[in-house]
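Chemist: Submitted below is the structure of interest, expressed as structure tokens.
The values are calculated or read from the model by the stated rules, or taken from the named source; none is laboratory data. Computed from a prediction, not measured in an experiment: that's the story for all the values here. Because the Cβ atoms are built from the backbone with ideal geometry, glycine has one as well, and the counts that use them run over all protein chains shown. Note: accessible area is taken over every heavy atom of the protein model, side chains too, but ligands, DNA and RNA are not part of it. Shrake-Rupley method; radii C 1.70, N 1.55, O 1.52, S 1.80 Å.
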Amino acid sequence: MKKDDCIFCKIANGEIPSNTLYEDESFRVILDVGPATKGHALILPREHFANLYELPEDWCQKAFLLAKRMAARMTERLGCDGFNLLQNNGEVAGQTVHHFHVHLIPRYKDDGQELEMKKSSPSQEELAKVREEICG
Ligand code: 5GP
Ligand code: ZN
């Protein structure tokens, strides 16, 4: 289902023009208007799902397969040196448009982009507690 006030629903369904790299009956892949690097693109489902939690599993499979295929194609054409997939869920995680999307971010040596995480150094005990919280 489409959502009337959702900009990505409109873009995905061609109601708002975009620089489209690929489209099929389920998805449209567009260039991001504020690219982190040259070629930064977004995979948009044509139906409205707010985030990964709402995305049905069959859509999830198709989205990841499409991400792999787009990464291969874009790497070949753009000659990038690596690739980030990024997928934000919830404002705290950096999601600004609440229509599920996958970022395709080509990376180039010396592109000056910083997507790296700040890492921590928990003890083995602390890690075991987290594992218990998730799996126990
Ligand atoms: P998020 O922060 O939600 O993971 O990513 C949203 C992305 O959508 C941002 O990278 C932003 O630049 C991009 N974006 C927002 N509005 C538009 C738009 O109207 N057209 C396109 N092509 N990209 C958009
Ligand atoms: Zn939408």
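Chemist: State which residue is nearest to L86 (Cα to Cα) when the search covers only the stretch 108-119 and only residues that are of a type outside the set (D, E) and open to solvent by 100 Å² or more (accessible area, probe 1.4 Å).
Modeler: Here is the first cut: in the stretch 108-119, the ones of a type outside the set (D, E) are 108-109, 112-113, 115, 117-119.
With the extra rule that they be open to solvent by 100 Å² or more (accessible area, probe 1.4 Å), the set shrinks to 109, 117-119.
Values: K109: 19, M117: 12, K118: 16, K119: 17 Å.
The selected residue is M117.
Chemist: Among the residues of the stretch 58-74, is any within 16 Å of ligand 2 (Cβ to nearest atom) and open to solvent by less than 50 Å² (accessible area, probe 1.4 Å)?
Modeler: Restricting attention to the stretch 58-74, the residues satisfying the condition of being within 16 Å of ligand 2 (Cβ to nearest atom) are 59, 63.
Filter once more, keeping what is open to solvent by less than 50 Å² (accessible area, probe 1.4 Å): 59, 63.
Yes, the stretch 58-74 contains a residue that is within 16 Å of ligand 2 (Cβ to nearest atom) and open to solvent by less than 50 Å² (accessible area, probe 1.4 Å).
Chemist: Assess whether K109 counts as being away from ligand 2 (no atom under 16 Å from the Cβ), in a loop (DSSP other than H, G, I, E, B) and free of Cβ contacts under 8 Å to residues at least 40 places away in the same chain. Break it down stepwise before answering.
Modeler: Numbers: away from ligand 2 (no atom under 16 Å from the Cβ): yes; in a loop (DSSP other than H, G, I, E, B): yes; free of Cβ contacts under 8 Å to residues at least 40 places away in the same chain: yes.
Yes; evaluated as a whole, the condition is true for this residue.
Chemist: Given the residues R77, R28, which is the only one that is farther than 23 Å from D5 by Cβ, of a type in the set (D, E, K, R) and out of contact with any Lys or Arg (no Cβ under 6 Å at 6 or more places or on another chain)?
Modeler: Details: R28 fails: farther than 23 Å from D5 by Cβ.
Only one candidate qualifies: R77.
Chemist: Further, regarding this structure: Please tell me if I7 is free of Cβ contacts under 8 Å to residues at least 40 places away in the same chain, within 12 Å of ligand 2 (Cβ to nearest atom), open to solvent by 20 Å² or more (accessible area, probe 1.4 Å) and of a type outside the set (D, E).
Modeler: Working: free of Cβ contacts under 8 Å to residues at least 40 places away in the same chain: no; within 12 Å of ligand 2 (Cβ to nearest atom): yes; open to solvent by 20 Å² or more (accessible area, probe 1.4 Å): yes; of a type outside the set (D, E): yes.
Taking the combined requirement at face value, the residue does not satisfy it.
Chemist: A further question follows. Mind checking which residues of the stretch 55-107 are among the polar types (S, T, N, Q) and either in contact with a Gly (Cβ under 9 Å, 6 or more places away or on another chain) or closer than 16 Å to I30 by Cβ (or both)?
Modeler: T75, Q87, N88, T96
Chemist: Quick one: is A50 out of contact with any Pro (no Cβ under 7 Å at 6 or more places or on another chain) and either open to solvent by less than 50 Å² (accessible area, probe 1.4 Å) or among the hydrophobic types (A, V, I, L, M, F, W, C) (or both)?
Modeler: yes
Chemist: Let me ask something additional. Can you name every residue in the stretch 32-47 that is among the hydrophobic types (A, V, I, L, M, F, W, C) and surrounded by fewer than 14 Cβ atoms within 10 Å (Cβ to Cβ)? Reasoning before the result, please.
Modeler: In the first step, residues of the stretch 32-47 are kept if they are among the hydrophobic types (A, V, I, L, M, F, W, C); the result is 33, 36, 41-44.
Within the stretch 32-47, V33 is the sole residue that qualifies.
Chemist: Scan the stretch 14-29 for residues that are without any contact (Cβ under 8 Å) to a residue 60 or more places away in the chain, within 16 Å of ligand 2 (Cβ to nearest atom) and closer than 13 Å to P45 by Cα and jot them down.
Modeler: Initial filter on the stretch 14-29 (without any contact (Cβ under 8 Å) to a residue 60 or more places away in the chain): 14-28.
Pick out the ones that are also within 16 Å of ligand 2 (Cβ to nearest atom) and you get 14-16, 18, 23, 26-28.
Result: G14, E23, S26, F27, R28.
Chemist: Can you find a residue that is farther than 19 Å from L65 by Cα and open to solvent by less than 40 Å² (accessible area, probe 1.4 Å) anywhere in the stretch 14-31?
Modeler: Step one: filter the stretch 14-31 for residues farther than 19 Å from L65 by Cα, giving 14-19.
With open to solvent by less than 40 Å² (accessible area, probe 1.4 Å) added as a condition, the list becomes none.
No, the stretch 14-31 contains no residue that is farther than 19 Å from L65 by Cα and open to solvent by less than 40 Å² (accessible area, probe 1.4 Å).
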